[in-house]
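The values are calculated or read from the model by the stated rules, or taken from the named source; none is laboratory data. Keep in mind that this is a model prediction, so the values were computed, not measured. Here Cβ is always computed from backbone atoms with ideal geometry, including for glycine, and neighbour counts include all displayed protein chains.
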Amino acid sequence: MKRLLSGNEAIALGAWEAGVRFASAYPGTPSTEILENLSRYSHLTAEWASNEKVALDAAIGASLAGVRAMASMKHVGVNVAADSLMSVSYIGVNGGLVLVSADDPGTWSSQNEQDNRQYARFGKFPCLEPSDSQEAKDFVQEAFNLSERFNTIVMVRTTTRISHSKSAVEVEMPAPGRPDVPTLEPLPKFERRPERYVIIPAHARRLHPVVEERMHQLREYSETCPLNRIEWGNSQIGVITGGAAYQHAREVLAGFSLLKLGMSYPIPQKMIRDFCRQVQQVVVVEELDPFWEDQIRALGIPVTGKAFFPLTGEFTLERVRAAAHAAGLPVTPLPVAPLTEPVQAPPRIPALCPGCPHRAAFFSAKKQRLLVAGDIGCYTIGVLPPFDAIDTCISMGASIGVAHGVRQAGNQQKAIAVIGDSTFFHAGLSALANTVYNQVPVTTVILDNHTTGMTGGQGNPGSGVPAQNQRSGRQIDIESVVRSLGVEWIRCVDAFNVTAVDQAIREAVAHQDGPSVVIVEGDCVMNQGWQRSNLVRVDLEACNGCTLCFNVGCPAILKSDELDVKTQRPKAEIDALLCTGCTVCVQVCPRHAIYQPESGHE
Amino acid sequence: MNDTNFLFVGVGGQGILTASDIVAEVGLAAGLDAKKSEIHGFSQRGGVVESHVRWGQRVGAPVAELGTVDFLVSFELLESARFVEHLRPNAVVITNTQRIIPMSVSSGGYAYPADGDIEKALRSRTDQIYRIDALAVAQELGNPRLVNTVVLGALSWHVPVDAAVWLDVISRRVPPRHLNANRQAFDTGRSS
């Protein structure tokens, strides 16, 4: 039967059907749902790792131990895992080993839009690129086969539009999760093969030619790989495309001949030459980098490509059509008349949720006019109004190192590094060790909401919540970790006590005798067991429209229609549906005009 | 049926993704190919939600081309105007009249557009504008979370697929104890 599945759901199903026994991931948009879905299947272990490198390392270990293994991550996560990725390319696999890289053209939820097909070329391993959910499922299965056949890690690369779009997938019964797969057989003893598994220089020197020979074999295989196919049509134009771009090219350049590269690296050189010989003009339609275009040009084939098709951003039908039109290809631009009466739609800027435990820390950072080295998570929203508080954000865990460097450069401004619990365990630990080791008075504010919030609430070492319900997880106490790393000045404060948060940060910044850490602790509203308190109210007699409460950036605080007689400014109003009763606004109101009733009914 | 493009818009938390899921499944159930696409992540926190559904014999890109949307289903009044450019001339617009005030208005310098301006923007593309106070209907039926189903009912009246197919898909997605309420919500939306 056919079911609508997202690309990520299809990847999970494909991996399960391929008999994956171990899967690990660090959550990151648009890759998160792959492991979330895998965790619901039986006969496999699915885990959240503390970061992407650890996820890949664990998958490598499982592969060497003899089972099929998979690591999934967002494109920038592959940067974190790249050290091991480059080594495992030499080492090879035992059980099939698949890396899923979910790229984000258009930077919907990322710090860049790097094209991870480049990693396949750089690291010398194959890359498969599905164009819809059916292919996502099929290609993952093929990836495991290729991995074992060619003794190599295989990358499956998706993009946001593949991972997060739903399309029809042929699904076989039995339903996932039922234990209809054969019981696992005990694994043989780990085979000792240091000449392959221990990548010392002498072994690496011997393995590099093996990798080059493997690439040679993969190039030959690509010529007959069933994932590459030609859809013959009008020979005036021959389109070479793949991934999400295939769907756009097929629609805009309908009727022309098309070569779809399902295996995006290595490319089938002979197949491409033959195809190009049979068409009058070759057009390469690919998202982001001219990855194929450069390689095809190197074959001596003139192509139309990035001179017209955008190098940046996500493809849309209108962008591809506009580019094809500009390139002089026979397509008609859609007659979209400009709007005669455009409406000025006010933006909906992302905001911290009502009840978010990060609010008081940013209110405080702004009030104290601190230099803030930020990090990656929901709390990056601290850069936006009304906080305007974050000065830098580079990559996972970078806050502490950046604050360290600013200080070491000789900057004496009051500064803090702000990092979430999941990000702290991801890449903050080694950065904090560096600051302690070098005895630099950096203040690190750890926003501990006991979850990985931005990606929808996944477990992490700070929460101890495992990816699979049936397994156990252990929570690691952040204060103990920080103390044992050698930080002597530590304060733990309740995230919803505005004065305590402000005071702790003030004292930490003033502390100049070594590193200091403030742990701001409070549950994310998405956490299990989280409870709403009584919603707060505004005493309209007392409110004079001073607008200070708007500085906490809460979507539940509105401007009412009532103006203060003196100030002529609108008084505050609380949205009863949104308010969680966290009382941050109650605490910042200088006139005690916002209050929390004892019970829900007055 | 010809290729059909739907665009569902509104604000995070309004049940837009479920509604668009259902419409994609109705397409499959009606024997067509269907795709659906939306954006998760950073843009979701308090932001605009935009979910595309396409039906056809063989659907290509999961997102419709600018100016080719046949049905704009807006769960919030202002959002209908934000997406006018996506409409094909004479498209059908179904808009919930609920207003959700953006923070740029509640605490910033922006103004919520006047009804007349929203109307004018929509009319520059189409006269087929259908308003429904789905929240009021849902509350009358006893559960504000039925907004979703009320809006789907209103949409279904314009789409040549049997109501039975819609109800069948909806019944597969809601817990049995909410089934009757959802049927009622769908019917009320359909006849409004």
* Pick out the one residue from A:Phe308, A:Phe315 that is of a type outside the set (A, V, I, L, M), over 30 Å from A:Asp494 (Cα atoms) and free of Cβ contacts under 8 Å to residues at least 24 places away in the same chain. => A:Phe308
* Report the residue count in the range A:376-395 for those that are more than 14 Å from chain B (Cβ to nearest Cβ) and crowded, with 24+ Cβ neighbours inside 10 Å. => 1
* Structure fact -> Given the conditions (1) touching a helix residue (DSSP H, G or I) at 6+ places or on another chain (Cβ under 7 Å); (2) among the aliphatic types (A, V, I, L, M); (3) within 26 Å of A:Gln368 (Cα to Cα), every one holds for A:Val436 apart from (1)
* Structure fact -> Only unsatisfied item for A:Val538, checking (1) out of contact with any strand residue (DSSP E or B) (no Cβ under 9 Å at 6 or more places or on another chain); (2) among the β-branched types (Val, Ile, Thr); (3) under 30 Å from A:Leu563 (Cβ atoms), is (1)
* Asked: Say we look at the range B:111-122 and pick out the residues that are more than 9 Å from chain A (Cβ to nearest Cβ) and among the small types (Gly, Ala, Ser); which of these is surrounded by the most Cβ atoms within 10 Å (Cβ to Cβ)?
  -> B:Ala114
* **Residues of the range A:531-559 satisfying the condition of being free of Cβ contacts under 8 Å to residues at least 40 places away in the same chain, in the same structural domain as A:Leu577 (by TED's automatic domain parsing) and under 25 Å from A:Ile381 (Cβ atoms)** => A:Thr547, A:Ile557, A:Leu558, A:Lys559
* For residues in the range A:74-110 being within 21 Å of A:Thr455 (Cβ to Cβ) and among the polar types (S, T, N, Q), which is surrounded by the fewest Cβ atoms within 10 Å (Cβ to Cβ)? -> A:Thr107
* Residues in the range B:71-84: is at least one among the charged types (D, E, K, R) and farther than 25 Å from A:Leu317 by Cα? -> yes
* Can you name the residue in the range B:79-110 that is buried (at least 20 other Cβ atoms within 10 Å of the Cβ), away from chain A (no Cβ under 11 Å) and under 29 Å from A:Arg321 (Cβ atoms) and, of all such residues, is farthest from the chain's Cα centre (by Cα)? -> B:Ala91
* **Flag for A:Ile400 being assigned to a helix (DSSP H, G or I) and crowded, with 17+ Cβ neighbours inside 10 Å** => yes
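For A:Val498, are the conditions met, namely being closer than 20 Å to A:Val588 by Cβ and either in contact with a helix residue (DSSP H, G or I) (Cβ under 6 Å, 6 or more places away or on another chain) or β-branched (Val, Ile, Thr) (or both)?
Values: closer than 20 Å to A:Val588 by Cβ: yes; either in contact with a helix residue (DSSP H, G or I) (Cβ under 6 Å, 6 or more places away or on another chain) or β-branched (Val, Ile, Thr) (or both): yes.
For A:Val498, the condition - closer than 20 Å to A:Val588 by Cβ and either in contact with a helix residue (DSSP H, G or I) (Cβ under 6 Å, 6 or more places away or on another chain) or β-branched (Val, Ile, Thr) (or both) - is met.
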* Meets criteria (basic (Lys, Arg) and without any contact (Cβ under 8 Å) to a residue 60 or more places away in the chain) for A:Lys74 -> yes
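Among the residues of the range B:51-78, count how many are at the interface with chain A (Cβ under 8 Å from one of its Cβ atoms) and at negative phi. Can you show your working first?
To start, the set of residues in the range B:51-78 that are at the interface with chain A (Cβ under 8 Å from one of its Cβ atoms) comprises B:59-68, B:78.
Remaining after also requiring at negative phi: B:59-66, B:68, B:78.
Of the residues in that region, 10 qualify.
I'm checking my understanding of the structure. Among residues of the range A:550-564 that are under 36 Å from the mean Cα position of the chain (by Cα) and more than 9 Å from every other protein chain (Cβ to nearest Cβ), which one is modelled with the highest pLDDT? Quick ask: steps written out before the conclusion?
Of the residues in the range A:550-564, the ones under 36 Å from the mean Cα position of the chain (by Cα) are A:550-559.
Of the ones still in play, those that are also more than 9 Å from every other protein chain (Cβ to nearest Cβ) are A:552, A:556.
Numbers: A:Val552: 95, A:Ala556: 92.
Looking at the filtered set, the residue picked out is A:Val552.
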* Cβ-Cβ below 6 Å, separation at least six or inter-chain, first residue in the range A:420-437 and surrounded by fewer than 24 Cβ atoms within 10 Å (Cβ to Cβ), second part of a helix (DSSP H, G or I): which pairs? -> A:Ala431/A:Ile400; A:Ala431/A:Gly401
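Would you mention how many residues in the range A:457-467 are under 14 Å from A:Ile34 (Cβ atoms), part of a loop (DSSP other than H, G, I, E, B) and of a type outside the set (A, V, I, L, M, F, W, C)?
Filtering the range A:457-467 down to residues under 14 Å from A:Ile34 (Cβ atoms) leaves A:458, A:467.
Checking the rest, the ones that are also part of a loop (DSSP other than H, G, I, E, B) come to A:467.
If we keep only those that are of a type outside the set (A, V, I, L, M, F, W, C) too, we end up with none.
The qualifying residues number 0.
Quick grid of which residues meet (1) of a type in the set (A, V, I, L, M); (2) away from chain B (no Cβ under 14 Å); (3) assigned to a loop (DSSP other than H, G, I, E, B); (4) within 30 Å of A:Ser42 (Cβ to Cβ):
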position	(1), (2), (3), (4)
A:Thr423	no, yes, no, no
A:Leu429	yes, yes, no, no
A:Ala433	yes, yes, no, no
A:Thr455	no, no, yes, yes
A:Arg474	no, yes, yes, yes
A:Arg491	no, yes, no, no
A:Gln503	no, yes, no, no
A:Gln528	no, yes, yes, yes
A:Asn534	no, yes, yes, no
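In the set A:Ala345, A:Ala351, A:Ala322, which member is within 30 Å of A:Phe496 (Cα to Cα) and either outside the structural domain of A:Leu261 (by TED's automatic domain parsing) or outside any loop (DSSP other than H, G, I, E, B) (or both)?
A:Ala351
From the list A:Val331, A:Val252, which residue is within 24 Å of B:Leu87 (Cα to Cα), over 35 Å from the mean Cα position of the chain (by Cα) and either surrounded by fewer than 17 Cβ atoms within 10 Å (Cβ to Cβ) or not assigned by TED's automatic domain parsing to the domain that holds A:Leu578 (or both)? It would help to see each step written out before you state the result.
Values: A:Val252 fails: over 35 Å from the mean Cα position of the chain (by Cα).
None of the others qualify; the one that does is A:Val331.
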* Structure fact -> Among helices (runs of 4 or more DSSP H) entirely within the range B:73-183, at least 3 residues that are without any contact (Cβ under 8 Å) to a residue 12 or more places away in the chain and closer than 30 Å to A:Gly545 by Cα occur in B:103-106
* To do: Please give the number of the condition B:Arg125 fails out of (1) of a type in the set (D, E, K, R); (2) buried (at least 20 other Cβ atoms within 10 Å of the Cβ); (3) more than 7 Å from chain A (Cβ to nearest Cβ); (4) out of contact with any Leu (no Cβ under 6 Å at 6 or more places or on another chain).
  => (4)
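At pLDDT 95 or above and aliphatic (A, V, I, L, M): which single residue out of A:Val154, A:Val181, A:Val171 fits that description?
A:Val154
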* So A:Gln134, is it under 22 Å from A:Glu223 (Cα atoms) and assigned to a helix (DSSP H, G or I) -> no
